[in-house]
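Here is the structure we will look at.
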Amino acid sequence: MTLGLRYLFHQLHLHLYLFVAHVLLLLILAIMDAQQKLFYSVLCYFLVLIFLSGQQVLVQGHLTSDFRPSKLFVFGDSYADTGNTNKSESAWKHPYGITFPGKPYGRFSDGRVLTDYVAKFIGVKSPIQYRWRKYGTPLLRYGMNFAYGGTGAFDTVVYPGPNMTTQIDFFQHLIKKKVFTARDLKSSVCLVSLVGNDYFTYIARNGSAQGWQSFIIALINQLAVNLKRIHGLGVQKIAVTGLQPLGCLPARTANSSFRKCNATENSLVSFHNLLLQQAVAKLNNETSTGRSFVILDLYDSFMSVLENKGSIKFENPLKPCCFGISSEYSCGSVDANGAKKYTVCENPEAAFFWDANHPTQQGWRALFPALQATLKQLYY
């Protein structure tokens, strides 16, 4: 439905509500005495004023007041990266990108990722990647994507790319160079993705079981510092991802033939998300509006899809479409002779997970309706 038709239907509903209210008022007045008529007339008048003051205009598929984002800025990891990682990474190798854009293009999926869906929701094109900033000047009008797959709040062993602090440094440098103005920032939305690379690094470095709690606290504290810094640079609306159920990723369910999640890992995720909620609440209390930050609940949205509660169903949602022929290989792996060491399902749309850690384009499509309600809060 076009923007004009959406607006028309919204106005028709508004006038219908007012008509019904007017008829009810006349019926009430017809059976009341003079003193009651005066009281209820005044009461209905103020109720109508309150109703009208709360009305919002329907734009681009969501409710909005006077906030109309023109740009999207993105920080984080592979759930948000659309092509910043080095071309030696798997996201630049076949079969990544076979659904969209039809070839490998730096997305860790067969097609679109979270950034693409958020951009569409707010009504802009997916922003240009930081690595291509010098070659796509006209595309700067949509914002910029600073996310690098494999990175985290801290340095990781997954990918030696710029951590989130460095990504924000890149952003701040462009602001100082007047690539983005204060007006640009005020009318923008920021997506921040942090989905587990720091924890994979903790495990890889043989972190102790006793140290998990203090590490999670340190990670959330650093993430809060990053969020506050982005807001301090002038971005008024920021959406940050909660942690998805790490114990349900194919990398963790392979031992059960992709049939059972790891409950222990998911309990650690719950602690992470609880601390994130507390941190975001504190950040909102420190802002003038009290609602600059929202959390995209990846945990509940993932679990809803994995339990086939959504409108899009998957036969075995824990099983990835693309995976290595043995534990030493992964999606996109080839041997010294260039022979494939992975298998790919016939229909990626039938799979929720693309590889060991990432959803398919269809998977993100299944997740996104649950995230839209939270994104709408950015417009209030």
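The values are calculated or read from the model by the stated rules, or taken from the named source; none is laboratory data. Every value quoted in this text rests on a predicted model; they were computed, and no experiment measured them. Using ideal geometry, Cβ is built from the backbone for each residue, glycine included, and neighbour counts are taken over all protein chains shown. Side chains included, ligands, DNA and RNA excluded: accessible areas come from the protein's heavy atoms. Shrake-Rupley method; radii C 1.70, N 1.55, O 1.52, S 1.80 Å.
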Ordered by residue, what ³J(HN,Hα) values in Hz, to whole numbers, does the stretch 239-252 give under the Karplus form 6.51 cos²θ - 1.76 cosθ + 1.60, where θ = phi - 60° and Gly and Pro are x? 10, 10, 6, x, 7, 6, x, 4, x, 9, 5, x, 4, 9
Rg/Rg_ref, the stretch 80-147, where Rg_ref = 2.2 N^0.38 Å and atoms are Cα: 1.06
Quick check: pseudo-label points 7 Å beyond the Cα along Cα→Cβ at Ala373 and Leu233, how many nm apart are they? 3.2
Stretched fully, the stretch from Ala350 through Arg183 gains (0.36 nm per residue minus C-alpha distance, one decimal, in nm) 55.8 nm
Run the reach check for Lys376 against lysines, Cα to Cα strictly under 28 Å, same-chain hits fewer than 8 apart removed. What comes back? Lys71, Lys120, Lys125, Lys186, Lys228, Lys237, Lys282, Lys309, Lys313
Ala254 versus Ala336, label points 7 Å from Cα toward the beta carbon: distance in nm? 2.3
Probe 1.4 Å, accessible area per residue of the stretch 267-380, Å²: 49
Linear extension gain, Ile325 paired with Ile312, 0.36 nm per residue minus alpha-carbon span: 1.9 nm
Could you tell me what percent of the accessible area of the stretch 197-311 is made up of carbon and sulfur, with a 1.4 Å probe and every protein chain present? 51
Starting from 0.36 nm per residue, how many nanometres of slack lie between Thr287 and Ser88 once their C-alpha separation is accounted for? 67.5 nm
Could you estimate the translational diffusion coefficient of the stretch 290-380 from the Stokes-Einstein equation, with Rh from the Kirkwood formula over C-alpha pairs, at 37 °C and 0.692 mPa s, in whole µm²/s? 223
